[in-house]
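Right, one structure below, let's go through it.
The values are calculated or read from the model by the stated rules, or taken from the named source; none is laboratory data. Just so you know, these numbers come straight off a predicted model, no measurement behind them. Positions of Cβ are backbone-derived with ideal geometry, glycine not excepted, and every protein chain shown enters the neighbour counts.
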Amino acid sequence: MTSHVDILANQRNGTLYTGSTTDLARRVWEHRTAVTPGFTKTYGVVMLVWYEDHPRIIDARIREYAIKRWRRAWKLALIEAMNPDRRDLYLDLNQ
């Protein structure tokens, strides 16, 4: 089963959230619809701006925890490399 690390944002250069999951489309949908209370609901962090696939959830979690310790500038550079326009990549997941 493929796992994913993701970064969500509330706007360009806004608040960032890093997470990991085995079902990226479902998890982003949960953030977008504010199904559970927490950081993403409080700050309106609903745009998928970056993600990365991993073969196992443990690999995704290790990468997630590493990225969470990064400086903000490094995270923005990671996003910029994959998604320079900062499009909402969630729209591409269901196609």
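Points to keep in mind about this one:
- Verdict on residue 31 being crowded, with 17+ Cβ neighbours inside 10 Å and over 12 Å from the mean Cα position of the chain (by Cα): no
- Filter pass, residue 52 being within 17 Å of residue 2 (Cβ to Cβ), in contact with a His (Cβ under 8 Å, 6 or more places away or on another chain), modelled with pLDDT of 95 or more and acidic (Asp, Glu): yes
- For region 29-56, filtering for residues that are in contact (Cβ under 8 Å) with a residue 24 or more places away in the chain, within 21 Å of residue 75 (Cβ to Cβ) and either of a type in the set (A, V, I, L, M) or in contact with a strand residue (DSSP E or B) (Cβ under 8 Å, 6 or more places away or on another chain) (or both) leaves 12.
- Per the conditions (1) under 12 Å from the mean Cα position of the chain (by Cα); (2) of a type in the set (S, T, N, Q); (3) surrounded by fewer than 16 Cβ atoms within 10 Å (Cβ to Cβ), the sole criterion not satisfied by residue 36 is (1).
- Checklist (1) part of a strand (DSSP E or B); (2) exposed (fewer than 13 other Cβ atoms within 10 Å of the Cβ); (3) in contact with a Lys or Arg (Cβ under 6 Å, 6 or more places away or on another chain) applied to residue 53, failing item: (3)
- Residues located in region 59-95, provided they are surrounded by fewer than 12 Cβ atoms within 10 Å (Cβ to Cβ) and either among the basic types (Lys, Arg) or touching a residue at least 40 places away in the same chain (Cβ under 8 Å) (or both): 69, 71, 72, 94
- Subset of region 25-42 that is under 24 Å from residue 81 (Cβ atoms) and either part of a loop (DSSP other than H, G, I, E, B) or of a type outside the set (Lys, Arg) (or both) - its residue that is modelled with the lowest pLDDT: 40
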